[in-house]
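Derivation of every value follows stated rules applied to the coordinates shown; laboratory data play no part. Predicted model, so just to flag it, every value in this text is computed and none were measured. Note that we place each Cβ from the backbone using ideal geometry, even for glycine, and neighbour counts take in every protein chain shown.
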Amino acid sequence: MTRHHRRIRRAKLRARSELDIFQWDKHQFAKQDFTIPDSYDTLERIDYDKVSREEFIERFEEKNLPVVIRGVMDGWGACKNWNSETFLKKYYSQPFKVGEDDDGNNVYVKMKHFIKYAEADGLKDDSPLYIFDSGFVKRKLTPIQKRRISGSSSSSSSSSSSSEKKGKKTLALKEHPSSSGGEGGVVGSKRARSRSNSPGTSSKKIIRIFGKRDSSNARGSRDVSQNGESTREKPARHVEEHASTLLSDYTVPKYFKDDLFQLAGDRRRPPYRWFVVGGARSGTGIHIDPLGTSAWNTLTTGHKRWCLFPPGIPKNLYDPSMRPFDREAVSWFHHVYPRFAANDFELGKKYGMIQVIQGPGETMFVPGGWPHIVMNLDFTIAITQNFCSPTNFEAVWLSTRHARPKLAKKFRNEIGRLYSKTGRCFFKDLLDKCRSLDFVPMLPMSTDDSSSSSSSSSSDSDDVSSTESESDIGEICMCHKCKKKRRKEARRALKGKKSDKSRD
Ligand SMILES: O=C(O)CCC(=O)C(=O)O
Ligand SMILES: [Fe+2]
């Protein structure tokens with residue numbers, strides 16, 4: 001067994017301990033065709049260029065309707081940089097999150113292992129490992145990566161090779177500053193661009209979400225990069241470090257620039273942006289996005305198959321017990337989807353199911369409260385962000401007050417502080433919305449609140465959120481301790497059921 005196989009095996013065992021290492025292909029889903037005719041995809045497409053922000057808000061966000069947007073990523077660095085070849089060059093030994101272990105610790109796989117796995121052994125797995133990483137922003141570049149990005153040399157490295165031997169050779173080239181030539185020239189020129197006007201870097205356009213900044217509200221209004229990252233207090237060096245990294249390869253679309261959660265502060269705010277990479281049949285199990293937030297998901301490579309349901313559909317219909325299958329997206333499409341498709345989509349039509357095949361360059365807008373499921377049909381690369389805007393504020397506020405009371409308090413206090421400081425109507429309106437919702441009683445905590453953030457991780461237990469990805473974003477308490485307790489209970493319940501069965 002090679003080092004690569006050992007790494008993948010270890011990640012698999014940690015990320016899905018309930019699954020025997022030899023059972024990753026037990027359902028033989030790789031032999032099944034999960035494509036659907038184009039005619040099933042009926043969701044409207046709009047052009048980014050032609051629809052203004054105001055029109056988008058009026059037609060889709062306010063009505064809480066999903067839509068696919070075309071042309072969002074024109075001009076993004078991602079168009080050029082987001083492919084296996086460049087990832088191998090730039091992030092070869094960088095770890096990316098592929099799940100969590102039973103103790104709630106993140107499980108990482110280095111990019112070189114992940115790509116190799118996705119191109120070979122992962123092709124057979126029922127639901128392959130999936131990069132779903134929100135930490136890509138914080139992770140520091142290694143000195144070697146920094147040197148490489150700084151483009152200190154232009155020696156040419158040929159395109160990456162899949163052969164182990166060649167791989168080792170390119171490792172030296174890739175990890176050495178002199179590897180930034182050839183394709184690596186992209187790195188250098190990217191950096192040059194980023195110094196002038198590329199978003200997401202030190203010179204990126206600074207927008208102020210709360211309007212003009214003057215001396216009276218200077219402290220109140222936060223400077224926000226186009227990616228929603230607060231940049232004002234950051235030393236230039238920090239931003240510079242991220243030049244030419246994933247963050248600088250995309251820009252938050254104009255429709256989604258409002259990011260009220262930043263008022264809660266960087267330390268307390270829930271994770272909200274994820275870099276997502278995975279092969280066919282990896283995906284995200286059925287879920288509602290956390291804390292009432294809406295999301296956008298831009299696909300740069302490959303195809304994603306989506307099903308979305310309008311809020312109000314009974315949970316037991318869209319998220320039934322999946323036994324004997326696990327709760328992975330592919331299992332849902334195999335086991336639950338046929339119920340919605342039966343009799344010429346009788347149930348699907350009754351509950352307003354929407355099907356989409358998202359292609360490269362398309363951005364899905366997922367309105368808050370819509371249960372949805374996503375499965376990759378081939379190798380995909382995407383970026384997704386969740387957000388709270390003035391439009392969905394009430395839903396997010398209610399949900400946050402219920403699931404994350406401390407965060408909600410901080411959020412509200414900050415809005416109050418900004419209002420007294422600036423006297424701006426914007427903050428007053430938000431405060432009024434909070435006040436008017438004080439009369440809505442707090443909901444009791446229940447296991448039904450398990451709709452949460454997403455990843456490919458899963459559990460056989462219905463008691464446990466099937467789609468936990470980040471430690472503190474779910475609708476149930478996502479603290480380390482509670483998660484560990486829930487996983488333990490789930491495992492115990494599963495073991496109990498298994499032994500009951502074997503006794504029968
Ligand atoms: O791309 C995916 O796998 C799904 C993303 C998603 O639904 C989410 O981030 O909430
Ligand atoms: Fe989602």
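Here Thr400, Thr391, Thr380, Thr384 are screened, and the one residue that is within 28 Å of Asp125 (Cβ to Cβ), away from ligand 2 (no atom under 14 Å from the Cβ) and β-branched (Val, Ile, Thr) is Thr380. Pairs linking a residue in the range 395-412 that is more than 14 Å from Leu263 (Cβ to Cβ) and in contact (Cβ under 8 Å) with a residue 12 or more places away in the chain to a residue that is assigned to a helix (DSSP H, G or I) and small (Gly, Ala, Ser), with Cβ atoms under 6 Å and 6 or more positions apart or on different chains, are Ala395/Gly292; Ser399/Gly292; Arg401/Ala408.
Counting the residues of the range 272-317 that are within 10 Å of ligand 1 (Cβ to nearest atom), aliphatic (A, V, I, L, M), under 30 Å from Pro390 (Cβ atoms) and not in a loop (DSSP other than H, G, I, E, B) gives 5. Residues that are within 12 Å of ligand 2 (Cβ to nearest atom) and under 13 Å from the mean Cα position of the chain (by Cα) within the range 289-330 comprise Asp289, Pro290, Thr293, Ser294, Ala295, Trp296, Asn297, listed in sequence order.
Under the condition of being under 16 Å from the mean Cα position of the chain (by Cα) and within 14 Å of ligand 2 (Cβ to nearest atom), the residues counted in the range 354-369 number 7. For the range 337-355, filtered to residues that are out of contact with any helix residue (DSSP H, G or I) (no Cβ under 8 Å at 6 or more places or on another chain) and buried (at least 16 other Cβ atoms within 10 Å of the Cβ), the residue that is nearest to Asp319 (Cα to Cα) is Tyr337.
Highlighted here are the helices (runs of 4 or more DSSP H) found entirely within the range 1-105 that include at least 2 residues which are surrounded by fewer than 17 Cβ atoms within 10 Å (Cβ to Cβ): 3-15, 53-56, 78-81.
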